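What follows is a set of notes on a single structure, which appears directly below.
The values are calculated or read from the model by the stated rules, or taken from the named source; none is laboratory data. Owing to the predicted nature of the structure, the values given are computational and were not obtained by experimental measurement. Every residue, glycine as well, gets a Cβ built from its backbone with ideal geometry; the counts of neighbours run over all protein chains shown.
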Amino acid sequence: MTLLLDRRLVVVTGKGGVGRTTVAGALALVAARAGKRVIVAEVSQQERLSRPFRREGVGYSETELAENLYAISIDPEHALEEYLGKQVPGLLSGALLHNRIFEYFVAAAPGVRELTTIGKAWELSQHSRRYGSGDHYDLVILDAPASGQGLAMLHAPKTFAEIARVGPIRRRADGIDEFLRDPKRTGVVSVALPQEMPVNETIEFRERLRDEMAIETDLVVVNQLLPERFTGEDAERIEAVNGAHGSEEVAAALRAALSEHRRAKSQRAQLRRLRREVDDVITLPFLWDPEMTLEGLNRLADDLEKKL
């Protein structure tokens, strides 16, 4: 974890619904507390991280959320326009962007949107920047799409370099690809839930990332782990009561307790299965908040700091 936060770019991915944004935000808070200037880059105009900080509509601008902590929502069209504005002189770049043939090309060419998105995250991580605010960040945390799309995004620079073959786009794509494959500059965090499908997808993602790109996942974060409130003996005693107390309210409470016990037991079975396949696994507790809050993010950041 300590080495992870010393990278320039950390890509956070995982199956949909596992809490990628929450984990990205908690990691960013840990780094910001350590004095690093951090920006979290969200994709697909999600803008979820800004809500706990009472900031709405971050958009395609580098917005301060807290001390040392910034956010941006990467829009691939804006990123492409920004890039072309530096590559194509004057009004020609605007004319090109609004040319129908060019629009068809962007829509059809494999990897353009993924390339411009990962390209913007790469640009944010550079010490000498040409676009945006030009501010320097010590760490960029990319809240990437779900595992399959996230893998496609990491593939995009190499894919597009092979299409472009020569010229500035080829050189840029090669530079981004080299940066992503450098373990000293880029790290990958996979987020999972302690459930069968997310665990399966996490194991598969790690294998594909290693086999297809020779990149190792640095850390797996198992999110929303329930506490173990009862032992097996406790559960047997609860079941033995079997309604003999004569109260429907007590019966409902005991049923809820048994249900949570079984769910927690199932979670730990999946956690053990994941740890048989993966060395670097840490867990984060289940938060009972209906949505992401600043208090919850700080609690998760506290937990991460303890596991450094």
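Values computed for the structure shown
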| quantity | calculated |
| --- | --- |
| Among the candidates 171, 208, residue that is modelled with pLDDT under 95 and farther than 19 Å from residue 113 by Cβ | 171 |
| Residue count for region 25-35, restricted to those that are under 11 Å from residue 67 (Cβ atoms) and buried (at least 16 other Cβ atoms within 10 Å of the Cβ) | 3 |
| Test result for residue 137, among the hydroxyl-bearing types (Ser, Thr, Tyr), under 23 Å from residue 31 (Cβ atoms), at pLDDT below 90 and touching a Phe, Trp or Tyr at 6+ places or on another chain (Cβ under 8 Å) | no |
| Residue within region 177-187 that is aliphatic (A, V, I, L, M) and modelled with pLDDT of 95 or more present | yes |
| Qualifying positions in region 261-282 - buried (at least 16 other Cβ atoms within 10 Å of the Cβ), farther than 16 Å from residue 191 by Cα and not hydrophobic (A, V, I, L, M, F, W, C) | 261 |
| Evaluation of residue 82 against (1) among the acidic types (Asp, Glu); (2) at pLDDT 75 or above; (3) closer than 30 Å to residue 298 by Cα (one fails), failing number | (3) |
| Qualifying residue in region 189-207 (condition: within 24 Å of residue 262 (Cβ to Cβ), of a type in the set (S, T, N, Q) and loosely packed, with under 15 Cβ neighbours inside 10 Å) | no |
| Whichever residue in region 36-51 is touching a Gly at 6+ places or on another chain (Cβ under 9 Å) and not aliphatic (A, V, I, L, M) and, among such residues, is nearest to residue 67 (Cα to Cα) | 50 |
| Residues of region 209-219 satisfying the condition of being surrounded by fewer than 15 Cβ atoms within 10 Å (Cβ to Cβ) and part of a helix (DSSP H, G or I) | 210, 211, 212 |
| Residues of region 7-52 classified as touching a strand residue (DSSP E or B) at 6+ places or on another chain (Cβ under 8 Å), modelled with pLDDT under 95 and more than 22 Å from residue 147 (Cβ to Cβ), total | 1 |
| Pairs, first without any contact (Cβ under 8 Å) to a residue 24 or more places away in the chain in region 2-20, second of a type outside the set (Asp, Glu), C-beta under 6 Å, six or more apart | none |
| So residue 254, is it free of Cβ contacts under 8 Å to residues at least 24 places away in the same chain and either of a type in the set (A, V, I, L, M, F, W, C) or under 24 Å from residue 26 (Cα atoms) (or both) | yes |
| Test: residue in region 168-185 that is within 18 Å of the chain's Cα centre (by Cα), exposed (fewer than 15 other Cβ atoms within 10 Å of the Cβ) and not aliphatic (A, V, I, L, M) | yes |
| Residue that is modelled with the highest pLDDT, among those in region 220-260 that are more than 30 Å from residue 187 (Cα to Cα), among the polar types (S, T, N, Q) and outside any helix (DSSP H, G or I) | 231 |
| Tally, over region 283-308, of residues that are surrounded by fewer than 15 Cβ atoms within 10 Å (Cβ to Cβ), in a strand (DSSP E or B) and of a type in the set (Val, Ile, Thr) | 0 |
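Here is a yes/no grid of residues against (1) more than 30 Å from residue 199 (Cα to Cα); (2) of a type outside the set (A, V, I, L, M); (3) at pLDDT below 75:
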{"site": "105", "(1), (2), (3)": "yes, yes, yes"}
{"site": "111", "(1), (2), (3)": "no, yes, yes"}
{"site": "117", "(1), (2), (3)": "no, yes, no"}
{"site": "128", "(1), (2), (3)": "yes, yes, no"}
{"site": "150", "(1), (2), (3)": "no, yes, no"}
